[in-house]
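See below for the structure under consideration.
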Amino acid sequence: MENKTVIPSVLSGSLRIPASKSIAHRAVICASLASGTSRIRGIDLSQDIRATMECMRSLGARMTWEGEELVVKGIEGSIEKANLFCGESGSTLRFLIPVAAALGVSARFTGAGRLGERPLSVYEDTLLSRGVTWRREEGGWLPLSIEGRLLPGEFRVRGDVSSQFITGLLLALPLLKEDSEIILTTPLESEPYVTLTLAAMDAFGVRAERTAFGYRIPGGQRYIPAEYAVEGDYSQAAFILAAGALSAGAEGVCLTGLRKDSLQGDRAILTILEQMGVPLRWQGEALWVKRAKEIENITVSASQCPDLMPVVAALGCCGRGEMHVQDGARLRIKESDRLRAICREYGRIGASITESWDSLKIEGCPGGYRGGTAESENDHRMAMSLAVLAQHTREGIRILGANSVNKSWPSFWTDFKGIGGNYE
């Protein structure tokens with residue numbers, strides 16, 4: 001376990017934001033399912049993306065690098081059995097269970113960290129009735145073994161557990177011979193992630209149609225090879241934007257690689273920051289953030305952008321008045337129980353936070369904190385958020401498990417230092 005002590009500093013300069021992890025997962029899977037050769041530009045090799053790539057290799061795809069392009073030769077023929085190690089990536093696991101079933105592969109899924117605690121009941125309830133047998137460890141979700149070929153038809157799915165289940169089915173169902181339909185039995189949360197899925201599928205030649213009750217997926221489709229570029233990640237940009245709001249120098253911090261018209265749900269960070277009084281400005285394709293004169297606390301819903309909540313809560317600790325984070329029950333089934341982790345770890349620095357089952361109430365402290373020691377709880381977003389909160393302390397924060405950033409942004413500490421971040 002690697003620890004770092006982050007000292008408050010003045011941030012300045014320019015930083016290219018890593019490629020969107022969410023989009024990269026989808027692009028690698030779609031390219032692997034296409035018959036032929038695809039080229040993907042802009043992929044950053046985080047632990048989660050490596051997990052998806054290795055799983056698709058295990059299912060028969062071939063991948064090589066040509067410069068900065070990932071060259072993917074899609075699955076040819078069929079594989080009877082595969083061992084799929086998903087690391088700590090919930091996306092990899094939940095996307096590939098129905099994909100493996102649609103391919104008729106007898107697959108054994110394993111993982112690390114808290115992945116085996118993250119629920120799969122949505123699939124257990126639906127896939128068992130559509131030709132898939134299911135065997136898992138008693139008292140946990142992994143290891144999980146599936147057999148049988150997925151049958152087309154009607155899939156009734158909850159939309160309020162994780163949009164990853166919807167994405168997994170959308171990726172898999174076009175491979176079946178006949179049409180299928182996904183019927184949402186509850187309102188869909190994190191819908192922008194499903195929009196990203198539909199956009200990636202469209203880029204690789206397959207489609208699904210939104211209906212009044214969910215999605216209709218024509219069967220008998222084929223993924224088509226494509227040349228694809230992965231845009232910058234707003235989920236990661238949020239940490240730099242928040243840090244800049246607290247400690248940017250006079251000229252500000254410049255972020256490149258982001259699309260103004262992005263479909264990413266975490267683009268909501270721009271609206272949240274503006275409501276909190278953070279100066280943001282687009283100059284061409286570059287986004288600039290300047291230090292805020294004062295952070296104004298607001299009420300935020302985690303329903304459509306749960307991954308933003310650790311860093312938004314960190315800003316809330318620095319703001320004036322109370323911040324309320326609502327609709328956050330799903331934060332409890334991430335890499336950590338993020339509601340509890342935010343309350344406990346920020347509390348160690350001196351923050352006053354009240355936790356309920358699905359919400360947080362944060363008492364802002366505009367004057368700042370002394371500092372202290374806090375744990376990342378093996379959660380990449382907690383580690384990076386603590387680096388943000390350290391900018392609002394006098395002595396800094398010692399972050400235990402700072403290398404957890406490798407899950408999504410392996411070069412975070414180097415990039416942070418490149419714009420003036422200070423750590424020991």
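Of note:
- All positions within segment 147-193 that are under 16 Å from Asp125 (Cα atoms) and part of a helix (DSSP H, G or I): Ser163, Gln164, Phe165, Ile166, Gly168, Leu169
- Residue within segment 184-191 that is in contact with a helix residue (DSSP H, G or I) (Cβ under 9 Å, 6 or more places away or on another chain), at pLDDT 95 or above and polar (S, T, N, Q) present: no
- Taking residues in segment 256-276 that are outside the structural domain of Ala199 (by TED's automatic domain parsing), and partners anywhere that are surrounded by fewer than 16 Cβ atoms within 10 Å (Cβ to Cβ) and in a loop (DSSP other than H, G, I, E, B), the pairs with Cβ atoms closer than 7 Å and at least 6 places apart or on different chains are Thr256/Glu285.
- Residues satisfying the criterion are present in segment 1-22 (criterion: part of a helix (DSSP H, G or I) and within 23 Å of the chain's Cα centre (by Cα)).
- Single residue of segment 157-185 satisfying the filter (closer than 13 Å to Thr211 by Cβ and of a type in the set (D, E, K, R)) that is surrounded by the most Cβ atoms within 10 Å (Cβ to Cβ): Glu181
- The single residue among Gln164, Gln221 that is polar (S, T, N, Q), under 24 Å from Ala34 (Cα atoms), in the same structural domain as Ser106 (by TED's automatic domain parsing) and out of contact with any Pro (no Cβ under 6 Å at 6 or more places or on another chain) turns out to be Gln164.
- Some residue of segment 58-68 being of a type in the set (Asp, Glu), closer than 29 Å to Thr256 by Cα and either more than 18 Å from the chain's Cα centre (by Cα) or surrounded by fewer than 17 Cβ atoms within 10 Å (Cβ to Cβ) (or both): yes
- Within the span defined as segment 38-48, every residue fails to be surrounded by fewer than 16 Cβ atoms within 10 Å (Cβ to Cβ) and either of a type in the set (Val, Ile, Thr) or over 23 Å from Lys21 (Cβ atoms) (or both).
- Restricting attention to segment 194-215, the residues being more than 13 Å from Gly168 (Cα to Cα), part of a helix (DSSP H, G or I) and without any contact (Cβ under 8 Å) to a residue 40 or more places away in the chain number 1.
- Filter result for Leu241 (closer than 22 Å to His25 by Cβ, aliphatic (A, V, I, L, M) and in contact (Cβ under 8 Å) with a residue 40 or more places away in the chain): no
- Residue pairs whose Cβ atoms lie under 7 Å apart, sitting 6 or more positions apart in sequence or on different chains, and linking a residue in segment 351-379 that is within 19 Å of Leu331 (Cβ to Cβ) to a partner that is among the polar types (S, T, N, Q) and surrounded by 17 or more Cβ atoms within 10 Å (Cβ to Cβ), are Ser376/Ser404; Glu377/Ser336; Asn378/Ser336; Asn378/Ser404; Asp379/Ser336; Asp379/Ser404.
- Evaluation of Glu147 against (1) modelled with pLDDT under 95; (2) more than 24 Å from Leu196 (Cα to Cα); (3) not hydroxyl-bearing (Ser, Thr, Tyr) (one fails), failing number: (1)
- Of all residues in segment 237-295 being out of contact with any strand residue (DSSP E or B) (no Cβ under 8 Å at 6 or more places or on another chain) and within 17 Å of Cys317 (Cβ to Cβ), the one that is surrounded by the most Cβ atoms within 10 Å (Cβ to Cβ): Ala242
- Test result for Pro306, surrounded by 22 or more Cβ atoms within 10 Å (Cβ to Cβ), modelled with pLDDT under 95 and not charged (D, E, K, R): yes
- Condition check for Gln283: among the polar types (S, T, N, Q), in contact with a Ser or Thr (Cβ under 7 Å, 6 or more places away or on another chain) and either in contact (Cβ under 8 Å) with a residue 40 or more places away in the chain or within 15 Å of Gly13 (Cα to Cα) (or both): no
- Options Arg332, Arg394, Arg381; residue that is surrounded by 19 or more Cβ atoms within 10 Å (Cβ to Cβ), of a type in the set (D, E, K, R) and touching a Phe, Trp or Tyr at 6+ places or on another chain (Cβ under 9 Å): Arg381
- Per the conditions (1) at pLDDT 95 or above; (2) under 17 Å from Ile7 (Cα atoms); (3) not polar (S, T, N, Q), the sole criterion not satisfied by Val405 is (2).
- Hey, Leu175 within 12 Å of Ala101 (Cβ to Cβ) and at pLDDT below 95 or not: no
- Just one of the listed residues (Glu375, Glu322) is within 25 Å of Ser89 (Cα to Cα), surrounded by fewer than 24 Cβ atoms within 10 Å (Cβ to Cβ) and touching a strand residue (DSSP E or B) at 6+ places or on another chain (Cβ under 9 Å), namely Glu375.
The values are calculated or read from the model by the stated rules, or taken from the named source; none is laboratory data. Since this is a predicted model, take the numbers as computed values, not measurements. When we count neighbours, we look across all protein chains shown, and the Cβ atoms used for this are built from the backbone with ideal geometry, even at glycine.
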